[in-house]
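Okay, so here's the structure we're looking at.
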Amino acid sequence: MKLVVVSAGLSSPSSTRLLADRLTAATLGHVDAEPEVIELRDLATETARHFVTGFPPARLAAALDAVAAADGLIAVTPVFAASYSGLFKSFFDVMDKDALTGKPVLLGATGGTARHSLVTEHAMRPLFTYLRALVLPTAVYAASEDWGGDGLAQRITRAGAELARSMAPAGADGAPDLGTAAAIAPRSLTGAITSVDPADGFEVVPFAHRLAALRVD
């Protein structure tokens, strides 16, 4: 399988690339895939030229083909003016409109303040939903103060597991490999994803019983 990582960081090194690398490691901890990282800053000139000429230069064409052929995609951008960067948007603007259809995508963003933490939901998720990608439930935003904290590490681990589960190979009958999926994201007796492994044994209390316990005579 192929995992493609798109990083729109402008500096080297960058916190955007660092987040992309940590998301990649979290994903590869659960699924056997070949990673490929695409640094959009190296393709800035080619992307602008494609807008003007309508034809992608060789390096940009190779990057676009890699994304289209990927089994899973990690897309990470720095926050500019409360949204994704122009370079990030330009790359996906020149991509074929059907290239991401049904493809699992893990979203990530970096910024200097936690006030931009909803950029993944208000800007990035609508973009990839429009492109008909399968956008994963957990998106990861990392503010400057988040680095080194347990909260960021936990979100990265959860997001990587979700992407790995979406990329899990099908079984012999074409159905998802439930053994792999269960190891990554165990499910309760009702089918809902839970952080508790059913093999450990646990009691499921019906919601009606919980409501009854709250009633006051």
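The values are calculated or read from the model by the stated rules, or taken from the named source; none is laboratory data. All of these numbers come straight from a predicted model, not from anything done at the bench. For neighbour counting, all protein chains shown are included, and Cβ atoms are generated from backbone atoms with ideal geometry for every residue, glycine included. These area figures cover heavy atoms from the full protein model, side chains too; ligands, DNA and RNA do not enter into them. Shrake-Rupley method; radii C 1.70, N 1.55, O 1.52, S 1.80 Å.
Along the stretch 99-109 the Karplus relation, 6.51 cos²θ - 1.76 cosθ + 1.60 evaluated at θ = phi - 60°, assigns HN-Hα couplings of 5, 9, 4, x, 8, x, 10, 9, 9, x, 8 Hz to successive residues, with x for each Gly and Pro.
Summing charges over all other residues whose Cβ lies under 15 Å from the Cβ of A48, with Lys and Arg as +1 and Asp and Glu as -1, gives +1. Among the trypsin sites (Lys or Arg not before Pro) in the stretch 83-132, those located in a DSSP loop and surrounded by at most 13 other Cβ atoms within 10 Å of their own Cβ are K97.
Averaged over its residues, the stretch 96-155 has an accessible area of 48 Å² per residue, based on protein heavy atoms and a 1.4 Å probe. Here the Karplus curve 6.51 cos²θ - 1.76 cosθ + 1.60, taken at θ = phi - 60°, turns the phi angles of the stretch 154-167 into couplings of 5, 5, 5, 4, 5, 5, x, 5, 5, 5, 4, 5, 5, 8 Hz, with x standing for Gly and Pro. Which of the three applies to the stretch 64-104, rounded, prolate or oblate, going by the alpha-carbon gyration tensor with a ≥ b ≥ c and a/c under 1.5 meaning rounded? Prolate shape, in that a/c is at least 1.5 and a/b is the bigger ratio.
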